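Just so it is clear, none of the values below were taken in a lab; they were calculated from the coordinates. Computed from a predicted structure; not experimentally measured. Cβ coordinates were reconstructed from backbone atoms using ideal geometry, including for glycine residues, and neighbour counts include every protein chain displayed.
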Number of protein chains: 2
Amino acid sequence: MLKIALGQMEVIPNRPDLNTDKMLTMIHNARSQQADIIIFPEMAIPGYLLGDTWEQRSYLYDCEYFGQKIIAASQDICIVFGNVAIEWDKHGDDGRVRKHNACFVAQHGQLVATRIKTLQPNYREFDDTRHFFSLRKLALERKQDLETLLTPVNITIKDKVYTIGCIICEDGWNDDYSFDPIAALQANGPLDVIINISSSPFTLGKNNKRNRVFSRQARETGVPLIYLNTVGLQNNGKTVYTFDGFSTVYNRLGQIIAYCQPFAETLDYLDLPITTVDQELPAITVPDDFTIDSLYQAISYGTKKFLHSIGMTKVVIGLSGGIDSAVSAALYASILNPENILLVNMPSKFNSATTKNLAAQLAQNLGCLYTVMSIEQSVEYTAAQLGGTPVTNLANGRQCNLLVSSFVLENIQARDRSARLLAGIAAAFGGGFTCNANKSELTVGYSTLYGDQAGFLASLADLWKHQVYQLASYLNTHVYGREIIPQAIIDLVPSAELSFDQSVDQGKGDPIIYPYHDYLFRAFMEYWNRATPEDILSWYSQGSAVLEQKLGCQSGIVDQLFPGPREFIEDLERWWRLYTGMAVAKRIQAPPVLAVSRRVYGFDHRESQNTIYFTQKYLTLKRSLLSPT
Amino acid sequence: MLKIALGQMEVIPNRPDLNTDKMLTMIHNARSQQADIIIFPEMAIPGYLLGDTWEQRSYLYDCEYFGQKIIAASQDICIVFGNVAIEWDKHGDDGRVRKHNACFVAQHGQLVATRIKTLQPNYREFDDTRHFFSLRKLALERKQDLETLLTPVNITIKDKVYTIGCIICEDGWNDDYSFDPIAALQANGPLDVIINISSSPFTLGKNNKRNRVFSRQARETGVPLIYLNTVGLQNNGKTVYTFDGFSTVYNRLGQIIAYCQPFAETLDYLDLPITTVDQELPAITVPDDFTIDSLYQAISYGTKKFLHSIGMTKVVIGLSGGIDSAVSAALYASILNPENILLVNMPSKFNSATTKNLAAQLAQNLGCLYTVMSIEQSVEYTAAQLGGTPVTNLANGRQCNLLVSSFVLENIQARDRSARLLAGIAAAFGGGFTCNANKSELTVGYSTLYGDQAGFLASLADLWKHQVYQLASYLNTHVYGREIIPQAIIDLVPSAELSFDQSVDQGKGDPIIYPYHDYLFRAFMEYWNRATPEDILSWYSQGSAVLEQKLGCQSGIVDQLFPGPREFIEDLERWWRLYTGMAVAKRIQAPPVLAVSRRVYGFDHRESQNTIYFTQKYLTLKRSLLSPT
């Protein structure tokens, strides 16, 4: 038996000083509990998502300095922790000083071993190879077998030697790599225990997969495995990630015997059976991770931590009476005190009494600060000024006037609300204003730049519209326990109400048909192998049922929406053009998005602003579908 | 002698169809000129900076399909071209189909050889490892020596066999790597010629370095080297890169014997001496690359190509009478017809007659469309509406009013100009409006979000303020040949004119002292090892002259600005806090920036929104400097 302290700490990126203080406190507590080992997550001292701060030599010095403090504190306890390891006399491929993403093991006030990450992720939000020199690269440089470089760490505790396999995050997710660090370690062992220190961002459903993969590893090697993950919030600028911790211990049979509370900083203790004569701990079950509970928890935790990280205590929310702003308001009201939330309804002549009343009712339910400021006069003034001020051609002295079309007027309204009112109100109120956009809108740019796309954070922009509805019901049922968001808001047809053509009372609304387009857009965006019109049309040509099954949308909806291939193709091309065209331009200037899915706009989904393209096979298929039979 | 056609083509990213058409035309021309070989750049078919489009299998199929067309066209000519090479039955580390950044060699309508990139850049704007499987990784997977995998390509032309070393871009920039692909190829040769196909973005001064490095390679191996680079424009969303081509041929002595016109699509021919009995061509000199000419050329070319790529033919520019908008207007007027440019002066009561007259004068000089729209009334209306509309606390029914401070009013003005007027005018005019921000402002967020930071492209945002002034003079002297930008605009104190405290007539202006802060910010941002306050203060503590030399700013300015360490430190911390704090939040929502320097905001300079940090050594140094002696 080893008494193990699981230091599931909140890592504050860019604050090695604060992280070290916290680790020292946890170490102190663990020693007082006679723990044999305390484990901290990957990059516990510097943080993980730091952008190019890794290029500041002075920052690296500090990380090393604080790492020494942790090592010095390893009297009477073995400490396993993540930090950057620096080889000052060597350089990386970029010519800068060589850095490794490393696991440090310390005991008796001394460094016992350093082990560096073998597999470095370079997909989604990860940029490991940009900053760190992996063990794979080292093997190549030294012309050594990678296997021989992966050696376990031997630690003597109470006169017994334990052989520990130290791996870092991606080393455990090796299914797609041609090399398995765990197998190599075990071959150089045998191991008594595997420790995987991680800094693994939350993704809906990821823990379910992790439990399958890591259980199998423990079972196949017959070695208990400890997964220690960080909690907190880190970001890559445009994309904000929560870290849920959920540190988990698997026994040699692959059963889960302990886990730490997700989204909570904890210091848990575990008496881990190491030898086969030890009594095995009973298997326990972990909660399912692919649920609306997890989703709410991530969004709530992430929004709260983001506010804290930028020192924002007050928010302004534009309340239209529609579903997105309603969910946003109810979410923030579950995080901040009502008096720190200012809800603003900003009607024009196009807004119905229905939505104005619903906005007021929601505000009343939440008990926040509330005000109504009309945009009618200022929009009229702007339209008159734009259309009424002569423009002079200075080459010939001729004058003309600009024409303010109804489309131009729609966007003027959206910007008037956000850039004129909300931004001004937020500044006067001493806070920021939220962006309430959802992922469906963001996908096709169905929002106005500097208008409803603006804000300091887009908490809901990684949720498809149907998930926003799910969250609305969840807030009412599970968070508030009453109908805080009026059911009428949930039942209302989604509409921007920027013209009389978008009248909710007449059941008119958005051009996006969410029960179908949510799923089409998801296929463009979230599928590991991105679907393009070629894939979509190919599925459609195999029958609507095939397409619906591939997209995961409701059965029968395709034929219901599209009388034939011509209408189907017209719709498909319309949205593909927007998704890969104007919407990219808008996303470049979008606020940070809080991540929950396995593909998030911003740094996870990297994109270029290019001309629209349809593949050759698509064009061929289209011709054949549209040709008269 | 080999007759070589240098296909310095403009590659349109995401348009394999158009790129292939162009290549086929060039191949046709080269065959009619009896060229032995035609060379195209790296990723000539797909484009290079495509974001995650590489994850669309249908796109990859198309690239392969078009590659086959080029191979089929290699009758009577040898074709060397870049494309993605796909191993459909293997996967990369991300589990997706395996892709290589590759060089294809075709002859007699057949594929002769494929060579894949050995060294993949992962710094600055590059993300190669995210998408491509390098030869280094392949060597590790196969447990083979990397050296043995790097084999030359043998081509028979007119009954003689030529041994060609095909490398791709970064393979030639190997000084910081532990492996030299050229040496390995030569060891497996000997080589008759080295061909480096590239897709290398323009950076001011990069060609000077490239000529030094590549000349040395040719000289040291004694093998002529052909560098073939693409022209055009590609982007990573937030950062827009020009590609200058400047394809260059080095003889076995390391002398430059030919180069293609920069920033131009060209098909040049060269009779290249291959054996030592051939007559060497005379060495020529290439223009210096680190000049205001290069800078102007890149910005002008990039802006023009960007407009073209998004199909924008008209622009609106807010003209304040200050230097940035003046340079922006003069730049666009050198690209578009004057009648497609609408200049707008938007005064408030804080704007001086001086700047209003200068704006009008500049507009007159350019002969564009011009209008004046005041923000006075709408700003007053907004202030009155914000301050005069009661806010109700719905928890207790109490009412209060928001306070509109002078600071709040400053930002209201900036947003009124951009989000209300310019955005509306641009929509009505049928174009976009420009962002005229410079790099100094962007560094510390000295601009208003949704205000003067807004726009569809920030053409000048990679220029420090002193470079904006240089460009102003250059435009007058070299582009227009007359004082198109009034000298008074160049001489004016830079000011935002958002309050009477910023009156230009009283010589008051920006809080940024450009002759010093430009260089301080550059050290934070552009130095390969980023300077932090620790470095700056350490240099300062060694004497102002040391600091000035390290920063490259004018001598004597530090003591002139700061009476002592207290003032120096106060200034340093002020800007560091902004640079790593609020300015990051603003940059997340900034427009795309046109790149010219070796470090550009956006995708080149990756950053996270974190809390401010000062290192331990900085704090110690600060204490010692501020302690009474």
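Against the compact-protein benchmark of 2.2 N^0.38 Å, the Cα-based radius of gyration of segment B:2-289 scales to 0.92.
Taking the square roots of 5 times each eigenvalue of the Cα gyration tensor of the protein assembly as shown, largest first, gives ellipsoid semi-axes of 44, 42, 34 Å.
If you build the Cα gyration tensor of segment B:464-524 and take the root of 5 times each eigenvalue, what three semi-axes come out, in whole angstrom, biggest first?
Details: eigenvalues 105, 68, 9 Å².
Result for segment B:464-524: semi-axes of 23, 18, 7 Å.
Per-residue ellipticity at 222 nm from helix content only, as computed over chain B with -39500 (n - 2.57) for each DSSP H run of at least four residues, stands at -11000 deg cm²/dmol.
So how do A:612-624, A:236-248, A:14-26, B:116-128 stack up, highest first, on mean other-Cβ count within 10 Å? Could the numbers behind the result be given before it?
Details: A:612-624: 16.9, A:236-248: 26.7, A:14-26: 20.0, B:116-128: 22.3.
Most protected by this proxy first, the peptides run A:236-248, B:116-128, A:14-26, A:612-624.
A straight line joining the Cα centroids of segment B:150-213 and segment A:494-518 runs 58 Å.
Here, segment A:291-509 yields an orientationally averaged convex hull projection of 13.3 nm² when only Cα atoms define the hull. To the nearest ten degrees, helix A:406-415 and the longest principal axis of the Cα atoms of chain A are 40 degrees apart. Centre-to-centre separation between the Cα atoms of segment B:372-441 and those of segment A:67-123: 50 Å. Each residue in B:TYR540, A:TYR469, B:TYR250 was given a count of other beta-carbon atoms within 10 angstrom of its own, and listing them fewest first yields A:TYR469, B:TYR540, B:TYR250. Footprinting exposure proxy ranking of A:GLU380, B:GLU567, fewest other C-beta atoms within 10 angstrom first, gives B:GLU567, A:GLU380. So what are the ³J(HN,Hα) numbers for segment B:537-554, from phi and the Karplus equation (6.51, -1.76, 1.60; θ = phi - 60°), rounded to whole Hz, Gly and Pro as x? Going residue by residue, I get 5, 5, 5, 4, 5, 8, x, 4, 5, 4, 4, 4, 5, 5, 7, x, 8, 5 Hz, with x marking Gly and Pro.
Shielding of peptide A:397-408 by partners, expressed as the average count of other chain Cβ atoms within 10 Å per residue Cβ, is 3.
Once you reduce segment B:549-584 and segment A:552-620 to the center of their Cα atoms, the two points are 47 Å from each other.
Remind me, relative contact order of segment A:291-509 in percent, using alpha carbon pairs under 8 angstrom and six or more residues apart? If you can, show how the numbers build up before the last one.
Values: 344 pairs, mean separation 53.5, N = 219.
Value for segment A:291-509: 24 percent.
Legend: distances between Cα atoms for A:LYS465/B:LYS99; B:LYS586/B:LYS622; B:LYS209/B:LYS550; A:LYS137/A:LYS209; B:LYS305/B:LYS439; A:LYS617/B:LYS22; pairs beyond 32 Å are A:LYS465/B:LYS99. For segment A:121-227, the Kirkwood hydrodynamic radius from C-alpha pairs, put into Stokes-Einstein at 20 °C and a viscosity of 1.002 mPa s, yields a diffusion coefficient of 143 µm² per second. The residue among A:CYS400, A:TRP88, B:SER608 whose Cα reaches farthest toward the positive pole of the charge dipole of the protein assembly as shown, with charges on the beta-carbon of Lys, Arg, Asp and Glu, is A:CYS400.
With θ taken as phi - 60° and the Karplus curve 6.51 cos²θ - 1.76 cosθ + 1.60 applied, the whole-hertz 3J(HN,Hα) list for segment B:178-193 is 8, 9, 10, x, 5, 4, 5, 5, 5, 5, 8, x, x, 8, 8, 7 Hz, x standing for glycine and proline. Note on the protein assembly as shown: antiparallel DSSP beta bridges, both residues inside, total approximately 60 percent of the bridges counted.
If you take each beta carbon of peptide B:56-67 and count the beta carbons of other chains within 10 angstrom, what is the mean?
Working: counts 10, 7, 15, 5, 2, 4, 8, 1, 0, 3, 1, 0.
So the per-residue partner count for this stretch is 5.
For the peptide A:410-419, the mean number of other protein chain Cβ atoms found within 10 angstrom of a residue's Cβ is 4. What you get for segment A:291-509, charging only the Cβ of Lys and Arg (+1) and of Asp and Glu (-1), is a dipole of about 380 debye around the Cα centre.
Would you work out the relative contact order for chain A, in percent, from Cα pairs under 8 angstrom that are 6 or more residues apart?
It comes to 11 percent, rounded to a whole number.
On the beta carbon distance between A:THR151 and B:ARG142, with R0 = 30 Å, the FRET formula returns roughly 0.80.
Karplus-derived 3J(HN,Hα) values for segment B:137-147, using 6.51 cos²θ - 1.76 cosθ + 1.60 with θ = phi - 60°, are 5, 5, 4, 5, 5, 7, 6, 10, 5, 4, 3 Hz; glycine and proline are entered as x.
Take the Cβ-Cβ distance between A:HIS466 and A:HIS308 as r, set R0 to 35 Å, and report the resulting FRET efficiency rounded to the nearest 0.05. Kindly include the intermediate steps, with their values, before the conclusion.
Details: r = 30 Å, r/R0 = 0.86.
Approximately 0.70, to the nearest 0.05.
Counting only the Cα atoms, chain B fills a convex hull of 208 Å³ per residue.
When each of A:VAL372, B:VAL596 is scored by the number of other beta-carbon atoms lying within 10 Å, the sequence from fewest to most is A:VAL372, B:VAL596. Per residue, the average separation of C-alpha pairs within less than 8 Å and at least 6 apart gives segment B:157-272 a relative contact order of 21 percent.
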